[in-house]
1. In segment 155-282, what percent of the accessible surface is made up of carbon and sulfur (1.4 Å probe, ligands and nucleic acids excluded)?
2. Among Leu383, Thr321, Asn89, whose Cα lies farthest out toward the positive end of the dipole of the chain, if unit charges sit on the beta carbon of Lys, Arg (+1) and Asp, Glu (-1)?
3. If you roll a 1.4 Å probe over the heavy atoms of the protein chains, what accessible area per residue do you get for the chain, in Å²?
4. Evaluate the charge dipole of the chain about its Cα centre and quote only its size in Debye, nearest 20, assuming +1 on the Cβ of each Lys and Arg and -1 on the Cβ of each Asp and Glu.
5. Before rounding to the nearest 500, sum -39500 (n - 2.57) across all DSSP H runs of length at least 4 in the chain and divide by the residue total; then give [θ] at 222 nm in deg cm²/dmol.
6. Net charge within 14 Å of Asn114 by Cβ-Cβ distance, Lys/Arg positive one each and Asp/Glu negative one each, not counting Asn114 itself?
7. Expressed as a whole percentage, what fraction of the accessible surface of segment 83-149 belongs to carbon and sulfur atoms when a 1.4 Å probe is rolled over the protein heavy atoms?
8. What is the total of Lys pairs in segment 1-128 with C-alpha atoms under 23 Å apart, excluding same-chain pairs fewer than 8 positions apart?
Amino acid sequence: MLVKGVVFRLEGELPAEAKFLLEDFRLAVNNAVRAGLQARVTSRNALTKLAYKGFRQEHPNMYAQHIVSALEVAGGVLKNHRRRIARGNAVRVPYVRRLLMKAENQAYKLNRRNGIIDLPIRAGCHVRLKLVLSEYHRRYLDDVSLTLGSLTLLPDRAIVAFRKEALKPFVPESALSLDTNERSLDGVFVKGGEVKTVKAVFPEVAVIQQRHHDRRRRLQKKKSHDRRTSRRLCRREGAREHRRIEFRLHQVANSILAFAEDQRSAIVLEDLKGFRPRWNKEFNRRLSLWPRRELHRIIEYKAQWRGIPVVKVDPGYSSRTCPICGRLHDSRMGTEFECECGWHLDRHINASMNLLQTAISKGVAGGLRFNPGAFQHDVMMTLYEPAMAARSEPNGTSCTGGESSRATTR
Ligand SMILES: [Zn+2]
């Protein structure tokens, strides 16, 4: 079963009754967390035995399902806490500050036509919340193959979980192999014996990373006398950076997936797990790996949702091997890969060819065949570039690039 959380804005203010409910819910969670810590239990059942009765007596009117759900949230908080202790991190006693509540699908009603949520507060008291609907939201509400999961309510928005049966990935008719770099995905697209280079460029991601990195540095220096403020400001910078990068990665992933779906293509990526840049003096100036890992995560879950096959391949030696003669070169070269056998090619594209060969040799890309010799050097397809996005770095000027699924041939 696949689950996707879709965020909705709420129309108008949250009704007072709902605000009280959020506060009661938080209270119930924190009470249960405290009780669970004392009794050293984390499971929902144990917490129910421990905390349900007491809370019920104090709040005789609260809808029973909400209390059960609060205990479940508390269980999650406690499990995270326990995990952090096990990892040996410094931990404080967990306390939920954020106002939020969660309701399982039997504890609320959503009218999928008009986007109105009916949320029971207590016997005889329900509130109606109107969701702001866009075309994006309509796609989920109107899709009858999706069922409703839990509802998470925050003071200014609601997150509705949509569930669907996992699709069996289609049998690929082509393959898209991509080498992941700081500013781009570079690779090859193979179909019917033809091999073409493809790329998706996202230079703004590195620019944003660098800018926020510098800003954090400056903040730390400026606020070095006040560590608390410094930490708070840095965290805020980090959250901003996160959001801005995330937005762009989604755009990149969407265009890649639209292309793959259109071409019935399997996507081949390197497995970044365990990959660590070598620690050296330059390390501090290197950008973190997070955006690349995050891009893979986004591509993978979106592909799963749409039934597009994704193959992850161990990248060992992929940047140092010659795909023609198989010779292994001992060090990375410049931008161009060159081999004694006469083969030469852009380093990144060469790496993607090796990824594809590994994928095919393992039989994971269906019955596809691939001949590096049939390579068309002069054809380059751009699957994504910043001009296709609605916003681009740095000044937020908007350029209309239309649907991001467009692929331009140069
Ligand atoms: Zn060679």
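1. That share works out to 47 percent.
2. Working it through, the farthest residue towards the positive pole turns out to be Asn89.
3. Averaged over the residues of the chain, the accessible area is 56 Å².
4. 2420
5. Calculated at 222 nm, the ellipticity per residue is -12500 deg cm²/dmol.
6. +3
7. On segment 83-149, the fraction of accessible area on carbon and sulfur atoms equals 50 percent.
8. 10
The values are calculated or read from the model by the stated rules, or taken from the named source; none is laboratory data. Since we're looking at a predicted model, the values are computed, not measured. So basically every Cβ, Gly included, is an ideal-geometry build from the backbone, and we count neighbours across all protein chains shown. With ligands, DNA and RNA removed, areas are computed over all heavy atoms of the protein, side chains included. Shrake-Rupley method; radii C 1.70, N 1.55, O 1.52, S 1.80 Å.
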